[in-house]
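Down below is the structure, laid out as structure tokens.
The values are calculated or read from the model by the stated rules, or taken from the named source; none is laboratory data. Note that the structure is predicted; figures quoted are calculated from it, not measured. Reconstructed Cβ throughout: ideal geometry from the backbone, glycine too, with neighbour counts over all protein chains shown.
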Amino acid sequence: MASPPTFLTIGHVARDLHDDGSFSLGGAVTFAAHTADRLGLAAAIVTRADAEIAALLSTTLPNVSLHVSPSARTTTFANRYHDGFRTQYLYARAEPLTVADVPHSWLQASIVLFGPLAQEIEASFVTLFPRTPGMLLAATPQGWLRRWDEAGRVWPVSWQAAEQILPILDVLILSHDDLLPFASGDRAEVEALLGHWSTRVPLLVATDGRHGATLFQRGMQQHFPAYAAHEVDPTGAGDVFAAAFLVHLYRHADPVRAVDFANRVAAFSVEQPGIQGVPTLAMLEQQWRPDAH
């Protein structure tokens with residue numbers, strides 16, 4: 001891509017392992033870039049991966065510009081479920097990203113979304129991009145909230161750089177599920193942490209699956225219910241939401257309508273496996289036009 005992308009996302013692409021030994025492409029960057037592309041923006045990814053995954057990424061996202069730095073390994077996750085609880089394992093991790101991995105012309109992107117998976121993005125990245133009118137700098141911080149032991153089991157860890165990063169961002173988007181491990185499942189503690197972080201960043205959106213999403217801005221909270229959906233695969237729904245929110249916010253500068261739009265896109269996306277369910281604008285208009293029902 002000679003000209004800068006409109007929507008740039010940075011972070012590790014993932015190899016998500018399944019119980020039968022197969023895998024699928026995952027990672028915030030995969031879902032977010034695909035969503036931006038489907039919604040009509042020129043999208044790009046900066047990541048690290050092995051040759052096999054780099055080739056698969058290229059064929060899976062043919063309209064997305066890629067800058068894939070070589071890595072001996074690709075970040076690899078597996079989820080194990082027992083009695084309804086998920087335990088996550090990190091079985092491989094690509095090398096961390098560096099600021100040199102970002103093509104110079106891509107520094108002029110209009111929307112930049114940091115989507116770390118496993119502590120691969122340093123805080124210095126947030127100062128890399130020049131601020132211009134209308135430009136959006138955003139993050140989905142789940143990869144800054146993870147640590148792992150020698151067996152690869154993933155555990156929560158405090159976001160040490162939050163106070164450094166948040167004042168530079170325009171938008172923080174995260175899930176209640178990202179924070180519940182810190183609070184022993186206590187939602188009141190989660191709300192307190194969200195309230196604190198919302199004082200450090202202009203816009204914060206907290207998603208809560210089928211319960212909808214909450215927008216924090218200027219000390220105020222507004223809740224938006226989720227749209228009904230026949231859930232087939234919720235994987236990546238939060239990343240789809242994040243990209244859709246940023247696309248709408250960039251185009252219309254209305255965070256309230258952007259949350260509602262993102263809820264619609266996310267509801268649409270979970271009705272098919274993987275990235276297959278991410279809709280186009282035309283599909284959304286057909287689904288929610290007044291005579292559609």
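Can you confirm whether Ser69 is free of Cβ contacts under 8 Å to residues at least 40 places away in the same chain, in contact with a Lys or Arg (Cβ under 6 Å, 6 or more places away or on another chain) and either among the polar types (S, T, N, Q) or closer than 18 Å to Gly236 by Cβ (or both)? Walk me through it before giving the result.
Working: free of Cβ contacts under 8 Å to residues at least 40 places away in the same chain: yes; in contact with a Lys or Arg (Cβ under 6 Å, 6 or more places away or on another chain): yes; either among the polar types (S, T, N, Q) or closer than 18 Å to Gly236 by Cβ (or both): yes.
Considered against the rule, which asks whether it is free of Cβ contacts under 8 Å to residues at least 40 places away in the same chain, in contact with a Lys or Arg (Cβ under 6 Å, 6 or more places away or on another chain) and either among the polar types (S, T, N, Q) or closer than 18 Å to Gly236 by Cβ (or both), Ser69 comes out as yes.
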Cβ contacts < 8 Å: first residue over 10 Å from His176 (Cβ atoms), restricted to segment 189-206; second residue among the hydroxyl-bearing types (Ser, Thr, Tyr) and surrounded by fewer than 20 Cβ atoms within 10 Å (Cβ to Cβ), any location; separation 6+ or different chain. Result? Val205/Thr214
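Looking at segment 1-26 only, could you name the residues that are of a type in the set (Phe, Trp, Tyr) and either assigned to a loop (DSSP other than H, G, I, E, B) or within 21 Å of Ala44 (Cβ to Cβ) (or both)? First the steps, then the outcome.
Our first condition is that a residue be of a type in the set (Phe, Trp, Tyr); within segment 1-26, this holds for 7, 23.
Phe7, the sole residue that qualifies.
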Pro133 surrounded by fewer than 22 Cβ atoms within 10 Å (Cβ to Cβ), at pLDDT below 95, assigned to a loop (DSSP other than H, G, I, E, B) and not small (Gly, Ala, Ser): yes
Single residue of Val259, Val265 found to be in contact (Cβ under 8 Å) with a residue 40 or more places away in the chain, crowded, with 21+ Cβ neighbours inside 10 Å and farther than 18 Å from Asp37 by Cα: Val259
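In segment 150-210, which helices (runs of 4 or more DSSP H) lie fully inside it and hold 3 or more residues that are in contact with a helix residue (DSSP H, G or I) (Cβ under 7 Å, 6 or more places away or on another chain) and farther than 20 Å from Leu117 by Cβ?
Numbers: elements: 162-165, 176-179, 187-198.
Passing ranges, in order: 187-198.
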Kindly indicate which of Val201, Val157 is among the aliphatic types (A, V, I, L, M), surrounded by fewer than 16 Cβ atoms within 10 Å (Cβ to Cβ) and farther than 20 Å from Ala237 by Cα. Val157
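Every residue in segment 27-56 that is assigned to a strand (DSSP E or B) and of a type in the set (A, V, I, L, M, F, W, C), please. Reasoning before the result, please.
Pass one, segment 27-56, residues assigned to a strand (DSSP E or B): 43-49.
Selection gives Ala43, Ala44, Ile45, Val46, Ala49.
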Tell me, which residue of segment 48-65 that is among the hydrophobic types (A, V, I, L, M, F, W, C) and over 20 Å from Val102 (Cβ atoms) is surrounded by the most Cβ atoms within 10 Å (Cβ to Cβ)? Leu56
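Quick check, is Gln287 surrounded by 13 or more Cβ atoms within 10 Å (Cβ to Cβ) and modelled with pLDDT under 95?
yes
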